[in-house]
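The values are calculated or read from the model by the stated rules, or taken from the named source; none is laboratory data. Fair warning: this is a prediction, and the values are worked out from it, not measured in the lab. Positions of Cβ are backbone-derived with ideal geometry, glycine not excepted, and every protein chain shown enters the neighbour counts.
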Ligand code: G4P
C-alpha cells in the first residue's frame, strides 16, 4: 500500500507537480437546509474570495448573483445551476464545486461528483443523516471519494454526539474519527475540544478563524457557564478520546473513514478547523481513468473532461459555458487543445475561472482546476480535451431517468425545430432524449422534476417552443447491450416499440414498470440492462 501522506507532502518533482499538489477540488454534499450555503459563504470568506458573507445565496431582493439567469430560479429562490468557486487558503488552492440546492435531484449533481477529489458532508446536528445526504453519499462511495464530515448547527439543540457518530457508522457503513468534540450542547454550547491537542476553542473566544485552540482547564468551564456539569464533560471527553478510532489517512483516502468536525456555520465556528483538515488530509488531484490508461495529474500534457454545460449564465449574452475539469498538466490561455470525439482542434482563447460572483479570464490553470470554456455547442458532456494524445476519460455517467415523459408540442409545425432543440438540450445534459424506434414522438427522461421545468422554460425562452409533458406508457429506461450483437438485434426486433435510441444512438429499453422490467430482464438471456451509462 503506498503511503499517501508521503506522496502528498514530499517535495514535488517539478513546478507543475508543486502546483498540482496544492490543489483540493471538492464538493459539499448535504440535505437541503443543513447549512451548505452558509458554510460555502464562510469558506469563501476564509479564502478572501468574497468580502461579505451573504453573497452566495441571498434570497429575495439581494439575489442578483451570476447564477440568477433564469426566471424559474428567481421565482423559486433556488439555485438550479452548478457552479464552481475557487479560493486560496494557507497556500492551497481550493476548488469548490457547488451542487444545486434544491431537493430535486438532477444529473448535474451526480456528474459534479465525478469531477471532485473529496467531499464535505454537512449534517444538521439535530437531524443527523437525511435522505438526500445518503443518496449523495452513495454516489461518492461509487468512486471512493473521501469524505470530511461537518456537523453543523451546534449552537442549537442537537442530538447526542455519540448517537450522531453511531448513525454515520451504521447507516453509511463509514468509520468515524472525531477531530473535535462539542463541549456543552444547544444553548449551553461553549465550543469544541480539540482531540489531538486537548485545547478548547470557545464559541465566543474570538480566534474562531485560525490559530490553535486555547488550552483551558476543564474545571474552569463552570465559571463560563454555570449550567455545565464539569464532571460529565470530563467523562465524556475521556470516553471520546479513548473510545473513538484514531484517524488513519489511508482509510480516509480510500473512503472508509471520515474525520468529523463540529461547528456552527452561522456563527463561523469550526469552519477554520474544517478547512485546515481539508487542506491537510484531502487528496490532491487524483489520477483519472481513461480508455487507454490511467492519466496522472502531474503529467506535463494537458488533459481535461467536460462534466457540465451551462447556458445563459449571462442573460445579456447567450453564451454556453462548458465546465472542464483539468486532469493533468497545465492549461495556458490561447493554447490549442484537441477535442478527441471529433479529432478537431479547439482553441482555448478565453478559458475562465469563477469566483463567488465574478468570472475572470484564466491565463493558466493546473490539474484539479475547473475552467469554463465558452463555446457555441461544440462541446458536449463527457468530452475529453487533450494536448494531443487520444485518450478519452471514462466515468462521466448518464443515469437512468426516474421520470419519463412524452413531449407534446402545441404547434405541430415546429416538430423539426423541437428535434433540434431537444438534441441540443440533451448534449448539454439538461435532459435525456429517447427516440422510439417505431417513430413515435420523442420521450424525455429526467432524474428530478425540476429538470422538466428547466427544459420547458428554456424551450420557450430560447426556441419559442411552448411544450407540455404527458405521462406516457413508459416509466423506466435502461441501456441495453450484449457481447453478442445478434442477440441484441433479436431482442430489439422483438421489443419494437419498447426500444428507443438515446442521443448517441445507443439502444435503450423502455419499460412500463419495475415488474415488467424484471420480467423482460429474466427472459432476455445475454442482454445487459444498465441504469448507468458512461458518456463517451
Ligand atoms: P442549505 O444551503 O443547506 O439549504 O442551508 P442554508 O445554508 O441555506 O441554511 C438553512 C437555514 O439554516 C438558514 O436559515 C441558515 O441561516 C440556518 N443555518 C445554517 N447554519 C446554521 C448554524 O450553524 N446554526 C444555526 N442556528 N442556523 C444555521 P433560514 O432562516 O432558513 O434561512 P435564511 O433566511 O437565514 O437564509
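A few remarks follow.
- Looking at the range 212-292, the helices (runs of 4 or more DSSP H) lying wholly inside it that each contain 1 or more residues that are within 14 Å of residue 178 (Cβ to Cβ) sit at 230-243, 249-253, 271-281.
- Summed over the range 261-273, the residues that are modelled with pLDDT under 95 and more than 10 Å from the ligand (Cβ to nearest atom) give a count of 2.
- Residue 136 being within 16 Å of the ligand (Cβ to nearest atom), closer than 25 Å to residue 250 by Cα and either part of a strand (DSSP E or B) or modelled with pLDDT of 95 or more (or both): no
- Filtered by the rule that a residue be touching a helix residue (DSSP H, G or I) at 6+ places or on another chain (Cβ under 7 Å) and either closer than 23 Å to residue 344 by Cβ or in a strand (DSSP E or B) (or both), the range 408-424 gives a lone residue, 409.
- All positions within the range 112-126 that are within 16 Å of the ligand (Cβ to nearest atom) and in a strand (DSSP E or B): 119, 120, 121, 122, 123, 124
- Against the test of being part of a strand (DSSP E or B), in contact with a helix residue (DSSP H, G or I) (Cβ under 9 Å, 6 or more places away or on another chain) and touching a residue at least 24 places away in the same chain (Cβ under 8 Å), the options 99, 171, 176, 109 yield a single qualifying residue, 176.
- Residue in the range 242-250 that is more than 16 Å from the ligand (Cβ to nearest atom), within 23 Å of the chain's Cα centre (by Cα), touching a residue at least 40 places away in the same chain (Cβ under 8 Å) and crowded, with 22+ Cβ neighbours inside 10 Å present: no
- Selection status of residue 420, modelled with pLDDT under 85 and either touching a strand residue (DSSP E or B) at 6+ places or on another chain (Cβ under 6 Å) or surrounded by fewer than 15 Cβ atoms within 10 Å (Cβ to Cβ) (or both): no
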